[in-house]
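Reading through the C-alpha cells given below for one structure.
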Amino acid sequence: MELSGRRILVTGASSRIGRETTILLSLLGASVIVVGRNAEQLGITLLSLEGNLHHVYAFDLSNVDEIPRWMKDVTYAIGPLHGLVHSAGVQCTRPLRIMSSESLEELMRVNVTAAIFLAKGFRQKGVSVAGGSIVYLSSVMGLVGQSAQSAYSASKGALVTLTKSLALELSGENIRVNSVAPAMVRTEMSKKMLQLLTPEQIIQIEAMHPLGFGQPRDVANAIAFLLADTGKWITGTSLVVDGGYTSR
C-alpha cells in the first residue's frame with residue numbers, strides 16, 4: 001500500500017471520510033490534491049497532511065459540465081494523476097411524501113452525475129497515467145433498502161452499477177474502477193443524525209452492525225487498498241466495509 005510518488009485527487013476532502021482518506025494517503029507517501037467547496041475547511045485538511053507536496057482546489061462539483069476542463073487545468077499545472085477518489089456526496093433522509101424534484105436533482109447531480117464526469121475527465125489524455133485507479137464512495141444503502149432513504153439509496157446504487165460499467169469501458173485504457181460501500185461510520189454528519197434519536201433507537205441501530213459502528217479510517221483503509229498496487233487485479237467491484245451490516 002505504499003504510494004510514494006503518486007498524485008491522487010480526492011473530492012469531499014474538507015470533512016468526514018474524505019478528510020481521513022487524504023490524511024492516510026499522505027501518510028502512505030502520496031501527493032494529494034484536496035478538493036471541496038469550503039476553502040477554509042480544505043485549509044484545515046491541508047494542515048493535517050504528512051509532507052508538503054499537496055495541493056488545494058476549491059471547486060463546486062455541481063458544475064458538472066466544467067469538470068473535465070477543470071481537471072485538464074489542474075493536471076497541466078501539477079502533473080497527471082495516478083488516482084481519483086470521489087468522496088463528495090449529498091446525504092438525504094426524506095420520506096417520499098415530502099420529496100421534491102429540486103432536492104432529488106441536487107442529490108443525483110453531486111452523487112452520480114459528477115461521478116460520471118469525473119471519470120470522463122480522468123480518462124482524458126494527459127490527465128491520468130497508465131494504470132490509474134478510480135474509487136467511488138458508495139454506501140450499503142445502495143445494496144439494501146431503508147425507509148426514507150429511497151433517493152439516497154438510488155444514488156448510491158447507481159454508483160455500484162456505474163462502477164461495473166466503467167470498469168469494462170476503461171479497462172482498455174488501463175484504468176481500474178471500484179467503489180467502497182460503508183455502513184454507519186462515526187462522522188460529524190452521523191453524530192448530528194444520532195442526536196435526533198433516543199438512546200434506545202441508537203442501540204437498535206448499532207445492534208444491526210455486528211462489529212459496531214465504524215470509524216472514518218476503516219473506510220479510508222479500504223480506499224487506499226484499492227488505489228495502491230494491493231488492488232492492481234481488482235476492478236468493477238464494490239468493497240463492502242460495514243461491520244457485518246449486510247450479513248443480516
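Readers should treat all values here as calculations from the given coordinates under stated rules, not as data from a laboratory. It should be emphasised that the depicted structure is a prediction, and the values quoted were computed from it without experimental measurement. Note that we place each Cβ from the backbone using ideal geometry, even for glycine, and neighbour counts take in every protein chain shown.
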Seminar exercise, completed: Dividing the helical contributions, -39500 (n - 2.57) per DSSP H run of n ≥ 4, by the residues of the chain yields a 222 nm value, nearest 500 deg cm²/dmol, of -12000 deg cm²/dmol
Seminar exercise, completed: Using alpha-carbon positions, the gyration tensor of segment 81-135 gives root eigenvalues a ≥ b ≥ c; with a/c under 1.5 called rounded, otherwise prolate if a/b exceeds b/c, else oblate, the class is prolate
For this session: Kindly state, to the nearest 0.05, the FRET efficiency for I78 paired with S247, given R0 = 41 Å and r defined as their beta-carbon distance.
Result: 0.45
Seminar exercise, completed: Among the Cα-Cα pairs of segment 33-156, the proportion with separation greater than 19 Å, in percent, is 55
For this session: Cross-chain or 8 or more residues apart, Cα under 27 Å: how many lysine pairs in the chain fit that? Count them up, please.
Result: 15
For this session: Arrange the following residues from fewest to most other Cβ atoms within 10 Å of their Cβ: R6, R37.
Result: R37, R6
For this session: Between the alpha-carbon centers of segment 1-59 and segment 146-215, tell me the distance in whole angstrom.
Result: 21
Problem set entry | Distant-in-sequence amide H partners of V185 (H built 1.01 Å from N, under 5 Å) | G214
Problem set entry | Relative contact order (percent, whole number), the chain, Cα cutoff 8 Å, 6+ residue spacing | 20
Seminar exercise, completed: Computed Rg/Rh for segment 155-248 (Cα atoms; Rh = Kirkwood radius) stands at 1.07
Exercise. What's log10 of I(q)/I(0) for segment 19-68 at q = 0.20, 0.29 Å⁻¹, Debye sum over Cα points only, no solvent?
Worked result: -0.65, -1.05
Seminar exercise, completed: When S4, S103, S138 are ranked with the fewest other C-beta atoms within 10 Å first, the list becomes S4, S103, S138
Exercise. Stokes-Einstein D for the chain at 4 °C, 1.567 mPa s, Kirkwood Rh over Cα pairs, in µm²/s?
Worked result: 71
